[in-house]
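Read-outs throughout are calculated quantities, based only on the coordinates presented, and are distinct from any laboratory measurement. Bear in mind that the values here come from a model prediction, so they are computed numbers and not experimental data. Methodologically, a virtual Cβ is constructed for each residue, glycine included, from the backbone with ideal geometry; neighbour enumeration extends over all protein chains shown.
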Amino acid sequence: MDKYEHERDGQYDFYRVFLPRVDSTRSVEELLGDNNDGVLNGNLIEFKLHVSDLGAVLFQCIKYLSALRIKGKSVPANILIVDVNASTIWLYRSAHYLIEIEKPYCGGASKNNAGFIGGNAEEIVHYDDPLGAERVVSLLRESNFTKIHIDENCIVGWAERFYREVPTARKEDFLGDDTGKHITIGEIRKPTRFARYIYPYTTQTNVKFHYLMDKLNDTLQKKNLGAFYTPDLYAEKSLELVRAAIARVPTGNDYIILDRCAGTGNLEVRLTDEELSHTVVSTIEYYEYKVLQELLGSKVRHIIPPVETAETFRAGLVAGSDALSKEFVENPVIKQYLDDPECTIILFENPPFAETTSLEHQKRGAGALSSAWKRSYVCEEMRKEVKGTACNDLGNAFIWSGFKYYLRQPTDSYIVYSPVKYWKAQHLIDREFLGGFAFNRRHFHTNLDACIMCAWWGNEAKQNEEIVLKGYDILPNGILAEAVVLPVKKVHELFSTKYYDKTSFAHAEENGILTGLNGLEADGSVKRRIKPLFSNEMIGYLVADSVGFDNPDAKSSLLVAGRYNGNGFFLRKDNYLEKLPMFCASRYITYNRAWTERGRIMKSADGAEKFFADVASGTLSQFLLKCLLFTCMEMQNHMRTFTGSDGRFYRNELCLDTTNGETIASRDLKNLALNEHEKVILRQWGRVFSWAKKTEKYDSSLTYGAYQIYAELDTFYKDERTGDIVYDNVELHTALAGLKALVKEYYNAEIVPVLFEYEFLK
Ligand SMILES: C[S@@+](CC[C@H](N)C(=O)[O-])C[C@H]1O[C@@H](n2cnc3c(N)ncnc32)[C@H](O)[C@@H]1O
């Protein structure tokens, strides 16, 4: 009879027996990373209840090793296939399978493995006797690795590992070669740290990695350069705009296509030789510059600087090519064309993207260096003419300076990649829009679905309220999807200027409490930006901050007391209903995750006049109650009931738990003429609440909203054996999941259309 029915049990027993003899500091959980059965020292171990086809299991292991190489992890020299019921191990050496390991594989490693023909195992060990067991111990103690070759598939993984392990390393320490004037031989060419794991990369230059050079930047460069390369399909599509711009060149004129931030030249590679003979490129990063030279140097009209000299390399950057410097703005090679009235200028760029206020940027650590560009000549000049947040964005410095210094004639053009915000909300430019595309940001080496505009601007002044883009995603099979039509409307007014409540309370004290984003009282360690006001006229505190949807959960809060870092307003009992559409609007992106929405749709108060009029006339009374119902059910409503450190009892009034009497919401919702959808939601809420009441932690003195139930009563633990999450109250968890699905449907069907109608969403 079999000893084990479950592979996992055999695996745990194996480790429990051998791990203390091999490495008592490691736990079983630690070994089970990377979706394989374990890597221990120089061994990849794969467990089976019964091994029936060694070839198939070996192939599965090869796929695991392939994945390790791609992630920049050392490839163990030994492959141990373990049959837990037969207490038998087959030992293979990975070096014999290097060719297969160095191929990338798609799909699950455990699928489609039959038919693989490997060699015989080097050794078979039966570990149910003492000699066999000792042999297993000695194998598991081996710490040898198979050296792999660096190629396009794995270089990013190894670069990330290198920068992680050597935080002070710069790009040259990893990628450096012996061509050019600046010579540092990098790790890939002369491995020291990775000497046991990789073969030296013998190709002389880095040109093979041209499409990955942004991902190979060291951590510091990543922060500074905002490099997100354009995928080939998008670069090619945008050439349609470039060619339309060339078609406008007046007869007899020369023209140049200028890209001040060309990276390794992705935008230009598909230009014809004739078009390239009009092209001028530059880029700031040294290794990009070298690849750019190699790929396009012989074809373009100019590259800046024209040739590499002993002075070119400057701390990883290229001297003279910082597009934001005065030196570059006055560069004589470009200036000769600007000064020539018979030359048309076509700027064609995907400027670096780094918004210092964005969470993305802050997460990466907005140190002084990462905003050094703010002290550049162009930024200082821009600040003289442009006020406000537009100056926080590196891309805007390129866009502004493009129009300021390079476009001079009516037929000049600027074809530029950037999120629409600079035009839509920041009103950075007021020129004629001649056409444009929207592309999915996910394909620019990021993992975010969002809309990036590639717009063709002319140089004639023109105020547009709306522009229309053709949007293209890239399909999994690597072709452009069908175009979708995407209007983009300008936003003028913010929630905070038109809708935030600024009236003061008749009776307010400053001895209340402040809360954190999770709805509980904030502890003393947080930096307080507002006063802890308390008033009986208050219902809570609402934040619906910022025009866009970056970091939506921090920009959208509903809390029983002031949020420690402010950015919202205290909600009053007497007019809270008309404020709720702001909260509803701020949830848009959570329920509409398509790439076309983020970055294109924003929050606005442009419909305020109509909204206030329709609120006053009562036209919107049912809609406001729908917003209330949504608010009561929405998980981002973080109002909770608790006693504060000020001794006051804070009750969540925007929920439907009436155990302790009516809440403001339950009282007001009586006026909603319920449709079927709403009845279903209320029934589901009833289900949630009845299961909530049965949980151990339920406290009948509290008034619970959906979020407080989720956070305090829908408890779970992690099963140590399986690693799975186990919910203590499955019925409650199920009911909450059902509620979430219903709320999403309701929101999109009944709330969103009106939010657009009144331009809360625009
Ligand atoms: C978004 S990437 C675009 C690269 C390439 N054009 C493409 O589309 O794939 C922006 C590029 O600007 C470069 N860059 C960043 N700051 C720069 C500056 N101040 N001057 C010139 N180039 C800069 C980065 O190194 C990066 O290659």
Using the Karplus curve 6.51 cos²θ - 1.76 cosθ + 1.60 with θ = phi - 60°, work out ³J(HN,Hα) for each residue of the range 138-149 in order, rounded to whole Hz, and write x for Gly and Pro. 5, 5, 5, 7, 5, 10, 10, 10, 8, 6, 10, 8
Give me the extension gain from Asn447 to Thr503: residue separation times 0.36 nm, minus the current Cα-Cα distance, reported in nm with one decimal. 15.9 nm
Theoretical gain in end-to-end length, Arg375 to Thr590 [0.36 nm per residue, Cα-Cα removed]: 73.8 nm
Percent of Cα-Cα pairs per 10 Å bin, from 0 to the last occupied bin, for the chain, please list those. 2, 12, 17, 18, 19, 17, 11, 3, 0, 0
Amide H neighbours of Thr146 under 5 Å, at least 5 residues apart or on other chains, H built in the peptide plane: list them. Val75, Ala77
Pairs beyond 18 Å (Cα-Cα), from Lys103/Lys171; Lys490/Lys579; Lys111/Lys147; Lys489/Lys762; Lys498/Lys610; Lys679/Lys744: Lys103/Lys171; Lys490/Lys579; Lys111/Lys147
Using the Cα centre of the range 155-204 as the reference point, and only Cβ charges (+1 on K/R, -1 on D/E), how large is the resulting charge dipole? Debye, rounded to the nearest 20. 80 debye
What does the charge count around Thr619 come to, taking other residues whose C-beta lies under 15 Å from its C-beta (Lys +1, Arg +1, Asp -1, Glu -1)? -2
Set the Förster distance to 60 Å, then compute FRET efficiency between Lys531 and Thr184 from the Cβ-Cβ distance, nearest 0.05. 0.60
Roughly speaking, what is the stretch gain from Thr203 to Arg270, that is 0.36 nm per residue apart minus the C-alpha to C-alpha distance, in nm to one decimal? 21.7 nm
Can you check what the net charge comes to around Leu131, using other residues whose Cβ is under 15 Å from the Cβ of Leu131 (Lys, Arg +1; Asp, Glu -1)? -2
Sequence-distant residues sharing a close amide H with Gly566 (under 5 Å, placed H): Arg529, Ile530
So how far, in whole Å, is the C-alpha centre of the range 42-72 from the one of the range 181-259? 35 Å
The range 502-543-the range 676-713 distance, computed between alpha-carbon centres (Å): 26 Å
Most packed first (mean Cβ within 10 Å per residue), the peptides 635-641, 387-393, 269-275 order as 635-641, 387-393, 269-275
With θ taken as phi - 60° and the coefficients 6.51, -1.76 and 1.60, list the Karplus ³J(HN,Hα) couplings across the range 703-711 in order, rounded to whole Hz; mark glycine and proline as x. 10, 9, x, 4, 5, 5, 5, 4, 6
For Thr344, what residues show an amide H to amide H distance below 5 Å, using hydrogens built from the backbone and excluding near sequence neighbours? Asp254, Tyr255, Ile256
Simple label model, 7 Å out from Cα along Cβ direction - Lys111 to Asn575, nm: 5.8 nm
Over the chain: helical MRE at 222 nm, DSSP H runs n ≥ 4 each giving -39500 (n - 2.57), nearest 500: -8500 deg cm²/dmol
Under the Karplus relation 6.51 cos²θ - 1.76 cosθ + 1.60, θ = phi - 60°, what is the ordered set of whole-Hz ³J(HN,Hα) values for the range 641-648, x standing for Gly and Pro? 9, 6, 9, x, 5, 7, x, 8
Rounded to the nearest 0.05, what FRET efficiency is calculated for Val726 and Ala244 with R0 set to 56 Å and r the Cβ-Cβ distance? 0.40
So what's the net charge close to Glu493: Lys and Arg +1, Asp and Glu -1, counting the other residues with Cβ under 14 Å from its Cβ? +3
Quick one: putting +1 on the C-beta of Lys and Arg, -1 on the C-beta of Asp and Glu, what dipole do you get for the chain around its Cα centre, in Debye to the nearest 20? 1160 debye
At a Förster radius of 22 Å, what calculated FRET efficiency corresponds to the Cβ-Cβ distance of Thr88 and Ser138, to the nearest 0.05? 0.85
Placing +1 on the Cβ of each Lys and Arg and -1 on the Cβ of each Asp and Glu in the range 232-429, which of Gly402, Val269, Cys343 has its Cα farthest towards the positive end of the resulting dipole? Gly402
For the chain, what proportion of DSSP beta bridges, expressed in % and rounded to the nearest 5, is antiparallel? 65 percent
Among 474-486, 743-755, what's the highest-first ranking by average C-beta atoms within 10 angstrom per residue? 743-755, 474-486
Under a plain spin-label model, where a point goes 7 Å from the Cα along Cα-to-Cβ, how far apart in nm are Leu131 and Asp2? 3.0 nm
